[in-house]
């Protein structure tokens, strides 16, 4: 049993080690789009769903814009909906950014295992995908890191 979970645990631990300052709340990825677009958009989504409404229109952007029709609104992402409904907005964004490289690494691990590769090879593949994403500027671009995950 220990060998079966060692690879996924190593992937999770590696990402959390790289992002330990983000997890602790002392650092935040420096992409201006995170605070200017993604945080308010996802926060509006989470607060609206938590209030029991589905936001079809965003009155806070320009003179109002369609919200659900916008593919970047995040409402098709179960991870965004779950985190932003359950957590405060900044904490939810931090967890969202940390979970994306973990999902990418675990997804690669499970894909490689399904293709018949050994556990060490699949672990290496998961680390090769997740660690560079966690340590790069792509972490602050949810559309890029999310597409990998």
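Is there a residue in the stretch 6-16 that is loosely packed, with under 14 Cβ neighbours inside 10 Å, touching a residue at least 40 places away in the same chain (Cβ under 8 Å) and within 30 Å of residue 119 (Cβ to Cβ)? Yes - at least one qualifying residue is present in the stretch 6-16. The residue that is surrounded by the fewest Cβ atoms within 10 Å (Cβ to Cβ), counting only those in the stretch 28-39 that are part of a helix (DSSP H, G or I) and in contact (Cβ under 8 Å) with a residue 40 or more places away in the chain, is 33.
What's the total number of residues in the stretch 114-149 that are assigned to a helix (DSSP H, G or I) and farther than 28 Å from residue 2 by Cα? Final tally of qualifying residues: 10.
Please work out if residue 55 is crowded, with 17+ Cβ neighbours inside 10 Å, outside any helix (DSSP H, G or I) and at pLDDT below 85. Against the criterion (crowded, with 17+ Cβ neighbours inside 10 Å, outside any helix (DSSP H, G or I) and at pLDDT below 85), residue 55 does not qualify. Only residues that are part of a loop (DSSP other than H, G, I, E, B), in contact with a helix residue (DSSP H, G or I) (Cβ under 8 Å, 6 or more places away or on another chain) and farther than 19 Å from residue 146 by Cα were counted in the stretch 62-86, giving 1. Scanning the stretch 12-28 for residues that are within 15 Å of the chain's Cα centre (by Cα) and closer than 16 Å to residue 109 by Cα gives 12, 15.
For the residues 67, 76, the requirement of being loosely packed, with under 12 Cβ neighbours inside 10 Å, over 13 Å from the mean Cα position of the chain (by Cα) and within 17 Å of residue 142 (Cβ to Cβ) singles out 76.
Among the conditions (1) touching a helix residue (DSSP H, G or I) at 6+ places or on another chain (Cβ under 9 Å); (2) closer than 30 Å to residue 114 by Cβ, the only one that residue 50 does not satisfy is (2). Checked against (1) touching a residue at least 12 places away in the same chain (Cβ under 8 Å); (2) surrounded by fewer than 16 Cβ atoms within 10 Å (Cβ to Cβ); (3) not in a loop (DSSP other than H, G, I, E, B), residue 42 passes all but a single condition, namely (2).
The values are calculated or read from the model by the stated rules, or taken from the named source; none is laboratory data. No experiment lies behind these values; they were computed from the predicted model shown. No Cβ is skipped: glycine too gets one built from the backbone with ideal geometry, and neighbour counts run over all protein chains shown.
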